[in-house]
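The values are calculated or read from the model by the stated rules, or taken from the named source; none is laboratory data. Please read these numbers as outputs of a predicted model, since none were measured by experiment. Glycine also receives a Cβ, built like all others from the backbone with ideal geometry; neighbour counts cover every protein chain displayed. We work out accessible area using only protein heavy atoms, side chains counted, and drop any ligands, DNA or RNA first. Shrake-Rupley method; radii C 1.70, N 1.55, O 1.52, S 1.80 Å.
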Amino acid sequence: MKHGTKKLLLSALKVTFPVFLGYIPLGIAFGFLFTGAGYHWVYALLMSTFIYAGSVQFISVALLAAGAGLMEFLTLTLLINLRHSFYGLSMLEKFSDTGKVKPYLIFALTDETYALLTTTKVPEGASKSTFYFYIALLDHFYWVTGSVIGAVLGSVLDFDLNGMTFVLTALFVVLTIEQYYNSQSRFPFIAAIIAGVISILLFSPKNMLLVSILIGTLILGAHEKIAQVRRTSMILDTGNKGRI
Amino acid sequence: MTNDLMHLLAVTIVIASATFFTRALPFIFFSSVETPAILSTIEKNLPPMILLLLVFYCLKDVHWFQSPYGTPELFTIIIITGLHLWKRNAMLSIFIGTGLYMFLVQYDVFSILFS
């Protein structure tokens with residue numbers, strides 16, 4: 001083995017550290033809210049382990065209190081998490097040779113894990129599937145740990161975590177810049193700015209991410225179609241000239 | 001009470017299955033259908049676009065028309081961007097940025113400027 005397991009785990013720990021700093025306070029907030037609604041902490045552990053989707057978990061606390069039915073939970077979850085389908089769409093190739101851990105990698109594909117997996121390079125000589133698995137598992141572990149801490153100790157803890165979850169915003173900013181260095185085309189960023197501004201102005205906070213991804217993907221698709229048509233007409237042009 | 005817990009367990013199962021479904025959907029779909037050519041280009045361009053959209057998403061709850069008008073967020077993002085373009089050290093940019101933001105909101109620095 002060229003790359004030791006321990007060394008690889010250490011790299012994954014380093015890469016996921018910002019997510020650790022973000023998921024612990026977010027998890028604490030969820031756990032605190034959840035037990036505040038009158039549920040035992042064990043169920044916070046259960047939800048964070050098996051659902052592992054922050055925004056839906058927060059909303060579900062409010063819906064539980066409102067006495068919503070199963071159909072409401074189902075439609076809301078599908079709507080809020082539909083964005084994850086777009087994440088998978090860009091991971092089809094990356095995950096295609098990950099073997100046994102593939103189902104888990106798909107299960108654990110949160111916003112933050114997706115951001116890390118698309119931007120971080122696998123260390124030289126290391127197994128991609130193991131590295132991805134460590135990143136996904138560590139992020140999952142941070143989220144569950146935060147939830148349990150919040151659920152068990154929420155009312156006891158009283159330190160000022162205000163602003164700490166901004167670490168995730170900072171992470172996304174840094175990873176966007178890294179993507180900018182790595183990508184050949186500038187167009188995805190233009191598409192994102194158009195889609196982002198439209199959806200932050202016109203849509204509610206609850207819907208804006210899915211809507212913005214939909215608008216952005218449409219812009220990307222249209223741009224690609226136009227480029228394709230241009231390429232074909234250029235080939236036809238040169239073809240005609242050759243014949244004349 | 002037991003009814004309540006049964007409901008909670010059912011809710012957990014529904015949300016967990018629906019979430020997994022949304023994450024697995026493209027993998028299920030494209031295991032039987034061949035990936036169309038246009039998709040592979042979009043596939044390459046999706047991560048940079050989505051990452052920038054996630055930055056926008058983080059700003060979704062900012063009150064742009066109320067003091068301090070989103071200035072702590074925008075100011076910190078500009079500092080993080082500048083720092084990262086300059087040093088290109090991810091940990092440095094993230095921690096300085098987060099520390100700065102926590103300082104700005106906990107001491108309400110920009111509100112003082114606007115009052």
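For the list (1) over 18 Å from the mean Cα position of the chain (by Cα); (2) of a type outside the set (Gly, Ala, Ser); (3) within 20 Å of A:TRP143 (Cβ to Cβ), I need the number of the one condition that A:ILE106 fails. Result: A:ILE106 passes all but (1). For the range B:76-89, a residue qualifies if it is open to solvent by less than 40 Å² (accessible area, probe 1.4 Å), within 8 Å of chain A (Cβ to nearest Cβ) and aliphatic (A, V, I, L, M), and the qualifying residues are B:ILE77, B:ILE80. Of the residues in the range A:107-114, at least one is open to solvent by less than 10 Å² (accessible area, probe 1.4 Å), within 12 Å of chain B (Cβ to nearest Cβ) and either of a type in the set (Asp, Glu) or assigned to a helix (DSSP H, G or I) (or both).
Among the conditions (1) more than 7 Å from chain A (Cβ to nearest Cβ); (2) surrounded by fewer than 19 Cβ atoms within 10 Å (Cβ to Cβ); (3) of a type in the set (Asp, Glu), B:GLU73 misses just one, which is (2).
A count restricted to the range B:29-70 and to residues that are open to solvent by 60 Å² or more (accessible area, probe 1.4 Å), assigned to a loop (DSSP other than H, G, I, E, B) and either among the aromatic types (Phe, Trp, Tyr) or at positive phi (or both) stands at 3.
For the criterion of being out of contact with any Phe, Trp or Tyr (no Cβ under 7 Å at 6 or more places or on another chain), under 26 Å from A:PRO18 (Cβ atoms) and among the hydroxyl-bearing types (Ser, Thr, Tyr), A:SER96 fails. For the range A:12-28, a residue qualifies if it is crowded, with 18+ Cβ neighbours inside 10 Å and not β-branched (Val, Ile, Thr), and the qualifying residues are A:ALA12, A:PHE17, A:PRO18, A:LEU21, A:GLY22, A:TYR23, A:PRO25, A:LEU26, A:GLY27. Checking each residue in the range A:34-70 for being among the hydroxyl-bearing types (Ser, Thr, Tyr), within 8 Å of chain B (Cβ to nearest Cβ) and surrounded by fewer than 21 Cβ atoms within 10 Å (Cβ to Cβ) picks out A:TYR39, A:TYR43. Would you point out which residue out of A:VAL167, A:VAL211, A:VAL152 is in a helix (DSSP H, G or I), in the same structural domain as A:MET91 (by TED's automatic domain parsing), open to solvent by 20 Å² or more (accessible area, probe 1.4 Å) and in contact (Cβ under 8 Å) with a residue 12 or more places away in the chain? Within the list A:VAL167, A:VAL211, A:VAL152, the selection yields A:VAL152. Every listed requirement among (1) within 26 Å of A:VAL56 (Cα to Cα); (2) part of a helix (DSSP H, G or I); (3) facing chain B (nearest Cβ under 7 Å) is met by A:GLN179 save one, (1).
Would you pick out the residues in the range A:71-87 that are of a type in the set (A, V, I, L, M), in contact (Cβ under 8 Å) with a residue 12 or more places away in the chain and more than 7 Å from chain B (Cβ to nearest Cβ)? A:LEU76, A:LEU79, A:ILE80 - these are the residues of the range A:71-87 that are of a type in the set (A, V, I, L, M), in contact (Cβ under 8 Å) with a residue 12 or more places away in the chain and more than 7 Å from chain B (Cβ to nearest Cβ). Scanning the range A:2-44 for residues that are within 27 Å of B:ASN89 (Cβ to Cβ) and of a type in the set (S, T, N, Q) turns up A:THR5, A:SER11, A:THR16.
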